[in-house]
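Take a look at the structure below.
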Amino acid sequence: MNMRFPDGFLWGGAVAANQCEGAYNEDGKGLSTQDVAPHGIKGPITKEPTSDNMKLIGIDFYHRYKDDIKLFAEMGFKVFRTSIAWSRIFPGGDEKEPNEKGLQFYDDLFDELLKYGIEPLVTISHYETPLHLSVKYDGWVNRDMISFYERYVRTIFNRYGSKVKYWLTFNEINSVLHEPFMSGGIYTDKSQLKKQDLYQAIHHELVASALATKIGHEMMPDSKIGCMILSMPMYALTSDPDDVIAAMKADHMNTFFGDVHVRGEYPGYMKRYFKENDIQIQMADGDEALLKNHTVDFVSFSYYMSACEAADRLKAQAGEGNLMGGVTNPYLKQSEWGWAIDPQGIRYVLNQFYDRWQKPLFIVENGLGAVDELITEPDGTKTVLDDYRINYLRDHLIQVREAIEDGVPVMGYTSWGCIDLVSASTAQLKKRYGFIYVDRNDDGTGTLNRYKKKSFEWYKNVIGTNGENL
Ligand code: BGP
């Protein structure tokens, strides 16, 4: 069967400001939580930025974005997902007036994309709360964050509303469950963080997300505003009903974020969870109506892997997860970082999410983190022969096509880290995802030159044939 991707399918790539821009203290930018997290989720966080923090320079996208966008255009990108670094716009997060130089940077960046007909897809908050908001307010635990976020979104909607149509309110909003500092700017150590405070913080983020959707629709009537969820389907380790229920419960902890964004209210299973865990969500007047009346236009998600759950975890072998835990699936191979490789999982998730929410879906992250070797070909060109990456992406896109055949409306696909960047979990550059190699090493050496990998031509051909030649 010759299955095609829909006309107008948005092919492209994705990055996040803090993982590629560098220039951490230029043009008035304030510090963000990432500037004091040199070791990713392993921690510890530092008092000041330290020279071993790869994100301070990143891949120097801040100064080289024009050349990089030219390469994206050469691959035929229709869309490019990036985030705005909140601390470039409001350096401390709680000031009244924005930083003009920060605003100008994204004006120039979006103009450069539009010059090539590439649609920007913008994450409003991607793992980089202004550090001051984290230290002074404990991030999203504090309700004041909603008004700081509101001022920030009004500022960027006002400034970029004519250039940006697609917006995502929070990157992987459910990851705050596992990484409260990175995801929610929560300064309290996660070992000390009370469940009550964690779920209150989540409530504040959900309200802020609905508020951004409301304001966005008012200020930019043609805009499309989505939530962004870290998807990791949980399979039952065995057909023992106890395992099936354990997997269902584990899945609920992720799907509830989408349920609130799409259905506009907390699902019954979460109300039960709150009751059983003695959690009382403090709702302000109007919160419920806001959630109910300002639901998202689409659901976006990242997909890297699936995991298993078992009722008796002790009997099962614990596995690595994309920020989340899980139990090792004996049927699947894993990446060099222990992430299970499961192309069919993306078809499963697309069907699960569409069955559940009946909203258009956007795959905004997917890819293989791997160690690449830069080689010199006989004609002197430097490249990486990354057939493993091509195979991974191809296998996943085949399953995306299957899901489309299943009837799932998929808006687009942005491959994660389309140019090599600093890894979120490990803060290393050696975990590479790109079609474009960046010459920078974790010891700080490297020219920062860019080289096309073998996958560059492959992806160009995929886009050029609208997915017919995978
Ligand atoms: C997601 C994040 C990204 C990204 C990606 C890959 O969780 O949204 O920021 O980095 O995962 O993860 P890693 O960089 O840890 O390999």
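The values are calculated or read from the model by the stated rules, or taken from the named source; none is laboratory data. In this text the structure is predicted, and so the values were computed from the model without any measurement. Positions of Cβ are generated from backbone atoms using ideal geometry, with glycine treated the same way; all protein chains shown enter the neighbour counts.
Inspect all residues belonging to the range 167-179 and state whether any of them is buried (at least 23 other Cβ atoms within 10 Å of the Cβ), within 16 Å of the ligand (Cβ to nearest atom), part of a helix (DSSP H, G or I) and small (Gly, Ala, Ser).
The answer is yes, given that some residue of the range 167-179 is buried (at least 23 other Cβ atoms within 10 Å of the Cβ), within 16 Å of the ligand (Cβ to nearest atom), part of a helix (DSSP H, G or I) and small (Gly, Ala, Ser).
Any residue that is in contact with a strand residue (DSSP E or B) (Cβ under 8 Å, 6 or more places away or on another chain) and part of a loop (DSSP other than H, G, I, E, B) - is there at least one of those in the range 251-270?
Checking the range 251-270: not a single residue is in contact with a strand residue (DSSP E or B) (Cβ under 8 Å, 6 or more places away or on another chain) and part of a loop (DSSP other than H, G, I, E, B).
Being within 16 Å of the ligand (Cβ to nearest atom) and under 27 Å from residue 74 (Cα atoms): is that true of residue 385 here?
Spelling it out, it is not the case that residue 385 is within 16 Å of the ligand (Cβ to nearest atom) and under 27 Å from residue 74 (Cα atoms).
If a residue has to be farther than 18 Å from residue 420 by Cα, assigned to a loop (DSSP other than H, G, I, E, B) and of a type in the set (A, V, I, L, M) to count, how many in the range 1-36 make the cut?
3
Scan the range 157-180 and give yes if some residue there is under 27 Å from residue 275 (Cα atoms), of a type in the set (Phe, Trp, Tyr), touching a strand residue (DSSP E or B) at 6+ places or on another chain (Cβ under 7 Å) and touching a residue at least 12 places away in the same chain (Cβ under 8 Å), otherwise no.
Yes: the range 157-180 contains one or more residues that are under 27 Å from residue 275 (Cα atoms), of a type in the set (Phe, Trp, Tyr), touching a strand residue (DSSP E or B) at 6+ places or on another chain (Cβ under 7 Å) and touching a residue at least 12 places away in the same chain (Cβ under 8 Å).
Here are some residues: 388, 433, 413. Which one is more than 30 Å from residue 258 (Cβ to Cβ) and out of contact with any Pro (no Cβ under 7 Å at 6 or more places or on another chain)?
Matching residue, one of 388, 433, 413: 388.
With respect to residue 125, determine if the residue is within 17 Å of residue 173 (Cα to Cα), among the hydroxyl-bearing types (Ser, Thr, Tyr) and either more than 16 Å from the ligand (Cβ to nearest atom) or in contact with a Lys or Arg (Cβ under 9 Å, 6 or more places away or on another chain) (or both).
Spelling it out, it is not the case that residue 125 is within 17 Å of residue 173 (Cα to Cα), among the hydroxyl-bearing types (Ser, Thr, Tyr) and either more than 16 Å from the ligand (Cβ to nearest atom) or in contact with a Lys or Arg (Cβ under 9 Å, 6 or more places away or on another chain) (or both).
With in a helix (DSSP H, G or I), within 19 Å of the chain's Cα centre (by Cα) and of a type outside the set (A, V, I, L, M) as the only criterion, which of 70, 55, 66 stands out?
Answer to the selection: 55.
Pick from 12, 43, 30: which is small (Gly, Ala, Ser), within 16 Å of the ligand (Cβ to nearest atom) and farther than 30 Å from residue 400 by Cβ?
Of the residues listed, the single one that is small (Gly, Ala, Ser), within 16 Å of the ligand (Cβ to nearest atom) and farther than 30 Å from residue 400 by Cβ is 43.
Which number in (1) closer than 19 Å to residue 398 by Cβ; (2) within 16 Å of the ligand (Cβ to nearest atom); (3) modelled with pLDDT of 95 or more marks the one condition that residue 353 misses?
Here residue 353 meets the rest and fails (2).
With the requirement that a residue be more than 13 Å from the ligand (Cβ to nearest atom), under 22 Å from residue 336 (Cα atoms) and either of a type in the set (A, V, I, L, M) or surrounded by 19 or more Cβ atoms within 10 Å (Cβ to Cβ) (or both), what does the range 429-451 give you?
435, 436, 437, 438, 440
Does the range 37-52 hold any residues that are in a loop (DSSP other than H, G, I, E, B) and either on the phi > 0 side of the Ramachandran plot or of a type outside the set (Val, Ile, Thr) (or both), and which are they?
37, 38, 39, 43, 44, 47, 48, 49, 51, 52
Tell me which residues, restricted to the range 362-409, are buried (at least 20 other Cβ atoms within 10 Å of the Cβ) and in a loop (DSSP other than H, G, I, E, B).
366, 367, 368, 369, 372, 384, 386
How about the range 257-281: which of its residues are among the basic types (Lys, Arg) and under 23 Å from the mean Cα position of the chain (by Cα)?
Listed by number, the list holds a single entry, 263.
Consider residue 190 carefully, then state whether it is away from the ligand (no atom under 16 Å from the Cβ), within 30 Å of residue 107 (Cα to Cα) and outside any helix (DSSP H, G or I).
no
Which of (1) more than 16 Å from the ligand (Cβ to nearest atom); (2) under 21 Å from the mean Cα position of the chain (by Cα) is the odd one out, the single condition residue 426 does not satisfy?
It is condition (1) that residue 426 fails.
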